[in-house]
Amino acid sequence: MAATEPSITYHEPDPGGTSAAFQPGRPLPPALLYRSSDPAELPFDLVSELEDLSAPIGQNRAVDAVEFAVSMRRKGYNVYALGAGGTGKHTIVRELLRRRAESAPTPPDWCYVNNFADPQKPRRLQLPAGRGNGLREAMKRLVEELRAALPAAFERDDYRTRRDVIEQQFKGRNEQGFGELQRRAEQKGITMLRTPMGLALAPRRDGKVLTPELFEALPAAERERIQHDLEEVQAELEGVMQKVPQWEREHREALRELNRNTTGAAIALMMDELRAGYCDFLEVVQHLDAVERDIKENADDFLTPAQPPQGVPMPVPVEESMIGARFRRYQVNVIVDNSGQHGAPVIYEDNPTHQTLVGRVEYMARFGALVTDFNLLTPGALHRANGGYLMLDAQRLLAGNFGWASLKRALNAGEIRTETLEQLLSMASTVSLQPEPIPLDVKVVLLGPPLLFYLLSGADEDFKELFKIAADFDDRVERTPETTLLYARFVAGVARRENLRPFDRGAVARVVERAARLVGDADRLSAGLREIVDLLQEADQLATDAGKTIVTAAEVQRAIDAQFQRGDRIYRRLQEEIGRKIIVIETDGEQIGQVNGLSVMTLGGLSFGNPSRITARIRLGRGEVVDIEREVELGGPLHSKGVLILSGFLGGRFGNSRPLSLNASLVFEQSYGGVDGDSASAAELFALLSALAEAPISQSFAVTGSVDQLGRIQAIGGVNEKIEGFFDACRITGFTGRQGVIIPASNVKHLMLRQDVVTAAAEQRFRIVPIETVDQGLGLLTGLPAGEPDAEGNYPVGTVNHRIAERLDAFAARAAELVRNTAVTQTRT
């Protein structure tokens, strides 16, 4: 006789505070199929009576991590916020940073100005918040005032008088030098002539210049004397001519000095006033000193208008641009303006590439060429967030154009170096700007999925040094009266923020139930608040369309149904094909080696259950279980693992006293895509054992669950979707009152089924039966006892396990006989 299994009773809390019991192998009571929220237990009528949430729901671990990181002002304590999409990472982190930033000091302004010593290397200036714009406007006013003041200064009589004195001095020196030479030459009978080729010397007699013929007619002694005098005067003339360039240089220098002095006198008061306003900032004062020196050296820029290239017509706007271009070197490029900032900045950059992070060097076209200067430096996100907080999407950062490399470089160096990509990659072949780096003080928060965090932690050494804090956002929270009330306050906050109609307590209770269904656990609530916000907005729209002023549970349910309906085309098509017998799913009768398995399909964010027919075939062989899905490369590694576990189970239960001389094949019938996961391993095992025992399996059941080598049934995911998928298939083929789904007992706490499924179970038209072991499932599916072995390992006659053992013994005997026959044949040969 088969040993009787002990009756184990499990107690699951029901929403009313009582306890609902279930026994493995028996249908679950309706109370365990759906944990409802009682609106009467909610202490409000409308959510508008509640205050907003003061802290995120169930994210204490992540919040503590972020708050610790922002308080650590040491290198490397940046944050990676990891969690599933829709958990509110961005909103929560931004709010935490905003609160912290409000009490932080406002960071300074940063400017770039011309480096008069090396224009290719602009200088940075740091000023208190709001002072950068003041300096920029002051420099604009200075240029405008100088364009009027300097021409007026150079038009005054005192300047002209002093310039005339310099001119007269130069003229007098020239006249004196050449006049003395002229007198000495005349004393020797030589005159100086001005020709197109310059000054020339010629002998003179009786006030007239001697012609060459008259000169040749002179006595030889006279010619020699005149020739000697000409050479002496020529030497003196050359001496005077050599002094002329020096006199001209002295003249120009005297004029420049006059211009400098005149310019200095004209701008002294303006520059002194400007310096006085920034006397506390040494770098600014030094820059203003450099500006003053450059203005003195280039005063002509303020006196003469810009001239276009010869022969080129120049439109007025272009001419004005040329005039302004001469004074661009005096401008101030304020790349970070914190004049309107209160506290530290919190910046989110949605396109984190090299240039959007560290800034860019822009160019402009001028007369057919691309030119640049410090005024064309533009800031990046690091500039704007400097002194505060920068939020980045980790996946976009890694996919961006050298964004990750540029961020690491800036954080490691502690400075922002604006450079082109060509400079970054050492591929620059043209001259560009090399602005002075700006010191970096920023807290960076990356937001991304957990998998990316683990990959970076294992593969990138810099990541571990730069992002030492992980803020791990949970995707679910425990379902308690306290968290239910927090959910209600969350609904209240969303309604206020999005200007939604108030939700009554029934609507909130339905939202809480939906949150449990989203996470697939009756005792947990989803922390994926994005889907909840979408649901609230859609329910509000349905209430609007219905002309209601309050959102009730009915609108929430209609919104849930509409969400599913918008994406269920493929699901409905599959169900239709089952009803038309194109996809063969049997929901009644019995079959040997065939069982209904269940899987979950996810398309476009919609998950639904899909029944599949699993079959097994047995034949004499070498103890192999062939997974046809794996053989044709349609089975994933987890599915293949599940099939190999079946071999381990068979060997452990039946292989101790006999060889397993069989070959078995398993397949998902009418499956044309990939199969992965081990949630069908229990169904595959039941099909295999049925084929071995030649015991028919009831097709009224579908089975889900994984199995271990000891025959224990283990929990799986998507249990609600799988049950509902088979329920819909049964509805199409017709309810018989015998149909149901066998699930792992450990999945009972995850049940949050549709109301029509719960109603069918209450009316005993559909059953959900939990099991813990393979033997419990065999008894349900075959209607026969599984059987327990005695002390000698033998199973009672009439049990499934006994029939399997007999079949395996027959296979072993037949295999031994074949071996003997083969040996005899070989001996005779």
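The values are calculated or read from the model by the stated rules, or taken from the named source; none is laboratory data. This is a predicted model, so every value here is computed, not measured. With ideal geometry, Cβ positions are generated from the backbone for all residues, glycine too; neighbour counts draw on all protein chains shown. Keep in mind that these areas ignore ligands, DNA and RNA; they rest on the heavy atoms of the full protein, side chains included. Shrake-Rupley method; radii C 1.70, N 1.55, O 1.52, S 1.80 Å.
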Efficiency of FRET from Cβ geometry, residue 268 and residue 91, R₀ 41 Å, rounded to 0.05: 0.10
Nitroxide proxy distance, nm - points 7 Å out along Cα→Cβ at residue 478 and residue 290: 6.4
Expressed in square angstrom to the nearest 10, the accessible area of residue 658 with a 1.4 Å probe stands at 40
Would you tally the net charge around residue 707, using a Cβ to Cβ cut-off of less than 9 Å, leaving residue 707 out, and scoring K and R as +1, D and E as -1? -2
Could you tally the net charge around residue 295, taking each other residue with its Cβ under 12 Å from the Cβ of residue 295, Lys/Arg +1 and Asp/Glu -1? -1
Just how much of residue 660 is accessible, in Å², when a 1.4 Å probe is used and the result is rounded to the nearest 10? 40
Quick check for you: which residues of segment 734-776 have the amide N under 18 Å from the point 7 Å beyond the Cα of residue 710 toward its beta carbon? 744-747, 771-776
Go through 657, 647, 612 and list them by solvent-accessible area, largest first, probe radius 1.4 Å. 657, 647, 612
Please state the shape class of segment 342-500: rounded when a/c is under 1.5, otherwise prolate if a/b exceeds b/c and oblate if not, all from the C-alpha gyration tensor. prolate
Quick check: from the Cα gyration tensor, does segment 482-573 come out rounded (a/c under 1.5), prolate or oblate? oblate
Between the modelled labels at residue 402 and residue 351 (7 Å from Cα along Cα→Cβ) the distance in nm is 1.8
Nearest-10 value in Å² for the accessible area of residue 364, using the 1.4 Å probe: 50
Extension length gain for residue 582 and residue 342 (0.36 nm per residue less Cα distance), in nm, is 79.7 nm
Extension gain (nm, one decimal) between residue 248 and residue 372, 0.36 nm per residue minus Cα-Cα: 40.9 nm
For segment 679-801, take the convex hull of the Cα atoms, compute a quarter of its surface area, and give me that in nm², please. 8.0
Candidate residues 363, 454, 77: accessible-area rank, largest first, probe 1.4 Å: 454, 363, 77
If you rank 228, 750 by how much accessible surface each has, with a 1.4 Å probe, what is the order from largest down? 228, 750
Charge context of residue 539, other residues only, Cβ under 12 angstrom, K/R +1, D/E -1: -3
